[in-house]
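The values are calculated or read from the model by the stated rules, or taken from the named source; none is laboratory data. The structure presented is a predicted model; accordingly, all values stated were derived computationally and were not measured. Here the Cβ is made from the backbone with ideal geometry for all residues, glycine too, and neighbour counts use every protein chain on show. Heavy atoms of the whole protein, side chains included, go into the accessibility calculation; ligands, DNA and RNA do not. Shrake-Rupley method; radii C 1.70, N 1.55, O 1.52, S 1.80 Å.
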There are 2 protein chains.
Amino acid sequence: MKNLDFEKVKLEGGFWKFYLDLDRKSVVHSVYRRFLETGRFDALNCNWQEGDENKPHIFWDSDVAKWIEGAAYLITNEPDSYLEGIIDELAERIAKNQREDGYFNSYFLTVAPEQIFKYRTEHELYCAGHLIEAAIAYHKATGKDKLLSCMLKYTDLIYKVFLIEDSADFVTPGHEEIELALLKLYDHLGDEKHLALARFFLDKRGNNNKDSENTKKSPAHFDDHYYQSHVPVREMTEAVGHSVRACYLYTAMAALAKKTNDENLLSACRKIYDDIVSCKMSITGGIGAEHEDESFSYKYNIPNRDTYNETCAAIALAMFAGEMQETEPDSRYGDLIERIYYNGSISGVSLDGEEYFYSNPLEVDRKKYAHSTYQTWCRRQKSFFCSCCPPNIVRMLASIPRYTYTVEGNNVYCNQFMSSSAKLKTGTLTQRTDYPHDGKVSFEYRGEPITLFVRIPHWCIEYEGAVENGFARFELSDGDSVTVILPMKVHFMEADVRVQDNSGRYAVQYGPLVYCLEEIDNGENLRDITLVDNESWEIRKEDLPAPVIYMDALRRKSTECLYRLKSDERVPLRARLIPYFAFANRDESDMIVWVTVK
Amino acid sequence: MKNLDFEKVKLEGGFWKFYLDLDRKSVVHSVYRRFLETGRFDALNCNWQEGDENKPHIFWDSDVAKWIEGAAYLITNEPDSYLEGIIDELAERIAKNQREDGYFNSYFLTVAPEQIFKYRTEHELYCAGHLIEAAIAYHKATGKDKLLSCMLKYTDLIYKVFLIEDSADFVTPGHEEIELALLKLYDHLGDEKHLALARFFLDKRGNNNKDSENTKKSPAHFDDHYYQSHVPVREMTEAVGHSVRACYLYTAMAALAKKTNDENLLSACRKIYDDIVSCKMSITGGIGAEHEDESFSYKYNIPNRDTYNETCAAIALAMFAGEMQETEPDSRYGDLIERIYYNGSISGVSLDGEEYFYSNPLEVDRKKYAHSTYQTWCRRQKSFFCSCCPPNIVRMLASIPRYTYTVEGNNVYCNQFMSSSAKLKTGTLTQRTDYPHDGKVSFEYRGEPITLFVRIPHWCIEYEGAVENGFARFELSDGDSVTVILPMKVHFMEADVRVQDNSGRYAVQYGPLVYCLEEIDNGENLRDITLVDNESWEIRKEDLPAPVIYMDALRRKSTECLYRLKSDERVPLRARLIPYFAFANRDESDMIVWVTVK
């Protein structure tokens, strides 16, 4: 089973076309501008000197690389000479400043050449991995191989230093990423050396003494769990540590397991996957609850107001699920990707494509934030010092159909719903839908006979028809069409008892969308609003890319008395609920997902 | 109106006799032992040298002083040659080591003599104030004046340095306390100089430039709000900053306002009082929600799990209310003192009198605590580095009847209920009650005719009879007796809408007692338990000094699914609720006050 490459699926309207257009029109440019202003592109000239402004940072190359990768995806979708010109020029800079032996990192070459390959915590191989991904994407988009050649040369050096000589001061990187990049490179060029190097980094992880010792040399180091170096990868059973690092690792583990039929490794991936989705994830698909170290928390600690839920972590979890989706026909992977895509990932970008959230809380209390020690925002920001999330949004939106179809011979699994035309080996599959406004999805097929499996989402409890591994099955021959109806209703969702932060509270879902209430629509003291479960809801198409819900609700009256006898007196209101991803797009406002229901 | 001194009210059984006996039998000794072990008493020898263990600390004299004050109160209640022997010996040490000019502070004399009166943040006058209170208490208890003489000499020095010469590097203390001590001293000896000095410190507070500048010289200084130095006292309208400091100040402000008929000052006290009770206090009477700086938070931010609620702050708030109680006949002051006394103050000491809470949360989640950055305990501790709370408990319990009666001529206000015999100027008033087990309170009177006003508690909504300013009125002549019935029921209480942490949640009260559920009785995941409001409750006398409540409750079932459709399936249980003050007296356990109710 292989996911169909995103470039084979052309978006032709609807929700995700809105976001693809937003990316091309706005997101890719807003990120470009900020990177330009902050000197991230200039850093590739490798001529920074002490006293100059915009001192390069250890992770800047990764920011630029993700932007290149995203821009390359946009070019793949539709030629764009402007973006191509920029990337060509950036590739020139890298080629010009790459060291004779292949090394390239704009920070270490200019600021700290004596520290090259000395500190595993310092993101060197993480930057290399993103540059490799960028080079592959641009090569596929344009056929131009300058950047790819640079990165192949750099990869050769890494192979020599780490795998042959063991001459670096550490064995595996402190921030995973290169593993999945090397596996992509292997997919792209078929060179066994790249597979071997990826396997080396995965096999050695948590499996050598040098790494832990090296980590401790860094001033701001964390423990081995933070870096997922606490045990060898095949012994992992839980998602731990920094959530972005973790999910990049798990993505690579799943990819390697499939390529090498490594059952032990796949089994570890399954345990980790289950651990995340059964006890460490917000209902929006957000992960990494701990602000302190941007990490997974303990089981069932899923706070709302205080959660971290980094945008990059949600995107990385979708990548992990995307890899797992190739291991077995099971709709749960598509369910998870859908949960992330419609909620906790795109919440990271404003509806005008100009501003970004790093952290995606499920409840905003501005008064509490004003007193918080955490770096939390009620509004999206134009950029961040650590700016990994914005370019991650660029590449995610530009390649959104990447997990839409999974193909195994003549079996075609449709995992996601979006108006599009997909080029299969066997023919062309067209999908028409107004999803997530409603659940009607029509398919038309031209080509050799196939079996189409359509994911019936977990939320779709009213679906009528046979379901197998979570999919409805249809045999399609040339010219056939089929329409699947996924009845959408307002659902009140509850969390497991052990999620104590949500006890007595419920989240509203409509189709794949999680909803929230904003103060700007519903007044102050949102935790005190009780939604009434009387089926009085009204679903409206307004000015958002997904439906708005109105429903009856109640609120208590305030009095002068701080504590008083329980009263049943309530004031009715008509609550307005908007999709979670759309919160914080107007004035500053409190927001809530988990509310009381009567 | 004057509160009747505690020594005029002899406890004769019941709830507070239990605590008074506990103090004498255990609390005073457990604190003594810990202070001895940690060198706090040795410090008074003023012979510590660099290299010695147990280096004195700036606030150690205040710890010792509060212990002396508490022990003196116990001696007042009942002669105790053992305690008297200890105090005599401590007084000797102080007398011996007091500087020629009257200065005494064991830390500054031994560790940092060059810093005397240099830093307002360093608790010098705070220690002096507590020593003055101790000296007064011991003088009243025994007639011995050695300690008092020392403190009078020290007070003379303070008068000279601060009021006459202005030769200290600051004008008013960073930690209030000496103001209320000086007013007590004025009450005790009638020397106008002490009144003048108290007034000086209050008038100058927030009213000079020297203090703010001096504060900034300390490494760990806070802003002027923290020290209540942001505005002159008569312009204060809100309770702000460090909550213990604040309430010691407000206590002194109220005392001075009464003595000098200062309406502006009294008006400030009323505003501050209203601010606390209407938006900054837990239902247990706990105050000071912010861990970070042990301070009041913003209005209506009253968290449960994360609240600080220092034991000393609750005691200090009762002191403030006790002063306010003398300003007007209004039952709300007695209501507040009752709330504090039965809940958020005695929660600070274990039922065996050996262990102490500094912070008194209204919800314990051990898993969250294990990951918290705050210094929070699930169990009471034998002592603290900063050990102000344990000796505050010693003195509070030893003098618990101090706010029981307020007298104005032949009008006698009964504010608190406890089996006791009170010596009034007009005669003897005996009170018999099993409070808080039930609300029957009987009075017998011998003496000249009086009007007895009995506080009808705010929780007692079923009281039948006329009430004036919150009091029922009875005319008593020699030999008269009267019985007041205060019907006690289980009440579900709610907090104002703006207390967002309690939205959808209710607290159980029975009489003056706030109840809690412990995991040890009710199982895990306490936030998920829903109490059933079906009057199925049962009130039992068990092994605690106050009743235990049993009532019907429901809990959800856990499933493998993290998020699922709202379900109404519930498992019944019989919940056991214990008085809040008694929590954490068995094994480590989660605990909750605010629960859902159906």
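Roughly how many debye, to the nearest 20, is the charge dipole of the protein assembly as shown about its Cα centre, given +1 on each Lys and Arg Cβ, -1 on each Asp and Glu Cβ, and no other charges?
With only Lys, Arg, Asp and Glu charged at Cβ, the dipole is about 860 debye.
Counting Lys and Arg as +1 and Asp and Glu as -1, what is the net charge of the other residues whose Cβ lies under 10 Å from the Cβ of B:Tyr103?
-1
How big is the B-A contact in terms of buried accessible area, both chains counted, 1.4 Å probe, rounded to the nearest 100 Å²?
Buried: approximately 4900 Å² between A and B.
Give the aspartates and glutamates reachable from A:Lys271 as a straight Cα distance under 17 Å; neighbours fewer than 8 places away on the same chain don't count.
Straight-line reach from A:Lys271, under 17 Å: A:Glu235, A:Glu238, A:Asp262, A:Glu263, A:Glu323, A:Glu326, A:Glu328, A:Asp330, B:Glu560.
Given contacts defined as C-alpha pairs under 8 Å and at least six residues apart, what's the relative contact order of the range A:56-163, whole-number percent?
Once divided by the residue count of the range A:56-163, the mean separation gives 42 percent.
Which of A:Asn261, A:Gly334, A:Ala316 sits closest to the plus end of the dipole of the range A:193-342, meaning its Cα is farthest towards the positive end, when Lys and Arg get +1 and Asp and Glu get -1 on the C-beta?
A:Asn261
Rank A:Pro79, A:Leu4, A:Leu20 by how far each Cα sits towards the positive end of the charge dipole of the range A:1-96 (+1 on Lys, Arg Cβ; -1 on Asp, Glu Cβ) and give me just the farthest.
Most positive-ward Cα: A:Leu4.
Helix B:124-142 versus the longest principal axis of chain B: what is the Cα-based angle in degrees, 0 to 90, to the nearest 10?
Roughly 80 degrees between the two axes.
Net charge around B:Cys269, counting only other residues with Cβ within less than 11 Å of its Cβ (Lys, Arg = +1; Asp, Glu = -1)?
Once all neighbours under 11 Å are counted, the net charge is -1.
What distance in nm separates the simple spin-label points at A:Glu524 and B:Asn534, each placed 7 Å from Cα in the Cβ direction?
3.9
Would you mind getting me the FRET efficiency between A:Asp480 and B:Arg570? Use the beta-carbon distance for r and R0 = 56 Å, nearest 0.05.
Efficiency for this residue pair is about 0.70.
Net charge near A:Gln49, counting Lys/Arg +1 and Asp/Glu -1 over other residues with Cβ under 14 Å of its Cβ?
So the environment of A:Gln49 carries a net charge of -3.
Quick check: the distance between the Cα centres of the range A:505-543 and the range A:200-217, to the nearest angstrom?
Between the Cα centres of the range A:505-543 and the range A:200-217 lies a distance of 48 Å.
Please report which chain B residue places its beta carbon nearest the axis carrying chain B onto chain A, with the distance rounded to a whole angstrom.
B:Gly504, 3
Taking 25 Å as R0, compute the FRET efficiency from the Cβ-Cβ separation of B:Tyr82 and B:Glu12 and round it to 0.05.
Once the sixth-power term is evaluated, E becomes 0.55.
Find every distance from the label point of A:Asn411 to the corresponding label point in the other copies (7 Å from Cα along Cα→Cβ) and write them in nm, one decimal, shortest first.
In ascending order, 8.9 nm.
Using only alpha carbon pairs under 8 Å that are at least six residues apart, calculate the relative contact order of the range A:489-569 and give it in whole percent.
19
Tell me the distances, shortest first, between B:Phe18 and the same position across the other copies, using label points 7 Å along Cα→Cβ, in nm to one decimal.
When each copy's label point is compared with this one, the spacings are 6.3 nm.
Return one number: the angle in degrees, 0 to 90 and rounded to the nearest 10, between the long axis of the Cα atoms of helix A:192-204 and the longest principal axis of the Cα atoms of chain A.
70
Between B:Cys561 and B:Glu213, how high is the FRET efficiency from 1/(1 + (r/R0)^6) when r is the Cβ-Cβ distance and R₀ = 60 Å? Nearest 0.05.
Approximately 0.45, to the nearest 0.05.
Treating the beta-carbon of each Lys and Arg as +1 and of each Asp and Glu as -1, no other charges, what is the dipole magnitude of the range B:106-219 about its Cα centre, to the nearest 20 debye?
So the magnitude is around 120 debye.
Calculated from DSSP H runs of 4 or more alone, at -39500 (n - 2.57) each and per residue, what is the 222 nm mean residue ellipticity of chain B, nearest 500?
-10500 deg cm²/dmol
Subtracting the Cα-Cα distance from 0.36 nm times the residue separation, let me have the gained length for B:Leu36 to B:Glu263 in nm, one decimal.
Gain on extension, B:Leu36 to B:Glu263, equals 77.2 nm.
Helix B:389-398: angle to the longest alpha-carbon principal axis of chain B, degrees 0 to 90, nearest 10?
It works out to around 80 degrees.
Considering amide H positions built from the backbone, and no H for Pro or chain starts, which residues 5 or more places from A:Asn3, or on another chain, come under 5 Å of its amide H?
A:Val407
Using Cα pairs under 8 angstrom and six or more residues apart, how large is the relative contact order of chain B, in percent?
14
Between the label point of A:Lys299 and that of the same position in each other copy, find the distances and list them shortest first in nm, with every label point placed 7 Å from Cα along the Cα-to-C-beta direction.
Copy-to-copy label distances for A:Lys299: 4.5 nm.
May I ask you to give the percent of accessible area on the range B:261-388 that is carbon plus sulfur, with a probe radius of 1.4 Å?
The nonpolar share, carbon plus sulfur, comes to 44 percent.
How big is the charge dipole of the range B:1-150 about its Cα centre, in debye rounded to the nearest 20, if each Lys and Arg gets +1 on its Cβ and each Asp and Glu gets -1 on its Cβ?
It works out to roughly 400 debye.
Could you tell me which of A:Cys247, A:Ser536, A:Phe471 has its Cα farthest along the dipole of the protein assembly as shown towards the positive end, charges placed at Cβ (Lys, Arg +1; Asp, Glu -1), taken about the Cα centre?
A:Ser536
Describe numerically, in nm with one decimal, the distance between label points set 7 Å from Cα along Cα→Cβ at A:Lys440 and at A:Asp169.
6.5
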